[in-house]
Amino acid sequence: MNPYLKDVLDLINNGSMDNTYKMSWIRSIVESCEKSPKKNIHFDELSRLIFKYYWNQCIFFNLNQSHNRNKKPEIIQIVENSIKEYQLSRGFKKETFIRIENEIDIPFTKISSVLKKDVCKRFLNLGGRTHKIYDYDLTKREIKLINPRVLKTYSEILYNSINYRWTQELETMDGSPRISKKIKGVDRDQFPKRGNLNKFRKFIDEENPKKECFLTGKKISGTPSIDHVIPWSYMYSDDLWNLVYVLPNENSSKSNRLPNKKLIERLKTRNIKLFKTLKKKGINNKFTEELKLSIDNNYVEKFWIGFKG
């Protein structure tokens, strides 16, 4: 293996991590080289890319990016403040960074200051040795890569390694389900897409033939909306055990709010009833198997607690 590539992978796979800064840092360097393999890269260029990664992850999934849950990393606070400002002025529709980057002022200087203080030097240290993959000038706020061509050539391998390590850390930092999909789903400007929920109607109908709203108990006239009790923005998944009928206006007003304990207990009861109904009617497929698995492993309670955290 190329010695330079080996050093970079060693830092990605084995470096210590209190938060996810190091992964966003090296991913921004690789992406910059993929676009233009130049040796000198200013912190502001990397700051824009890092802002993009965290914007997409924060606005869609609100992932916890640090082992310290009592204090969010400074860059995350900067990004979240930018999201709040954007949403207050332009509405609360979630948009990927690439769609709105010309509509916001990115605080490059603030992010560069954090990179200068907490990331640039620390990333290179591993096992008492400094891996020389770049030189740095903290006064000029720029790095000078030793071999940018290697980073460009092996960018796909490096992206996979970075995403895997980032995922590993978030599994312990955040506790959210389907972390790998959430990282990959917003990687390199891909938009997280919801699936078509109509395939679940025939199953929900078996337990709720009167089409009563799960949230209000009122009968729904016309076609009911299908809602994720634990928000899709957290689950990033469509699962029968988390889907119910609701009135269209209740679905839109609920947004991504945390369900209360009463709703969670009702969902658990609904799932047991739904599973018994489906089994009684001889309906056996992957959806009933997943429903049974969710009951046996108490997914509703576990994911609800995770969402609260």
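One chain, two ends: L88 and K116. Fully extended at 0.36 nm per residue, the span grows by 7.0 nm beyond their Cα-Cα distance.
Computed from the Cβ-Cβ distance with R0 of 41 Å, the FRET efficiency linking D44 to S221 stands at 0.15. The structure shown yields mean projected area of the Cα convex hull in nm², and of the options (1) 18.4; (2) 16.7; (3) 14.9 that calculated value carries the label (1). Each residue of region 214-231 was assigned a 3J(HN,Hα) from its phi angle through the Karplus expression (A = 6.51, B = -1.76, C = 1.60, θ = phi - 60°), giving 5, 7, 10, x, 6, 6, 9, 8, x, 7, x, 7, 9, 10, 7, 5, 8, x Hz with x at Gly and Pro.
Relative to the dominant Cα principal axis of the chain, helix 155-173 is inclined by about 60°. Across region 70-162, Cα-Cα pairs more than 18 Å apart make up 64 percent of the total. 3J(HN,Hα) couplings calculated from phi for region 88-104 with the Karplus curve 6.51 cos²θ - 1.76 cosθ + 1.60 (θ = phi - 60°) are, in sequence order, 5, 8, 10, x, 9, 5, 7, 10, 5, 4, 4, 7, 10, 4, 7, 9, 10 Hz; Gly and Pro show x. Using the Cβ-Cβ distance between T269 and Y164 with R0 = 41 Å, the FRET efficiency computed as 1/(1 + (r/R0)^6) comes to roughly 0.60. Counting every C-alpha pair in region 197-308, the share spaced more than 18 angstrom apart comes to 46%. Taking Cβ atoms as reference points and 15 Å as the exclusive limit, the residues near R129 contribute a net charge of +2, counting Lys and Arg as +1 and Asp and Glu as -1. For region 154-171 versus region 1-28, the spacing of their alpha-carbon centroids is 9 Å.
Every number here is computed from the coordinates shown, using simple stated rules; none is lab data. Remember, predicted model here, so these are calculated numbers, not experimental data. Glycine also receives a Cβ, built like all others from the backbone with ideal geometry; neighbour counts cover every protein chain displayed.
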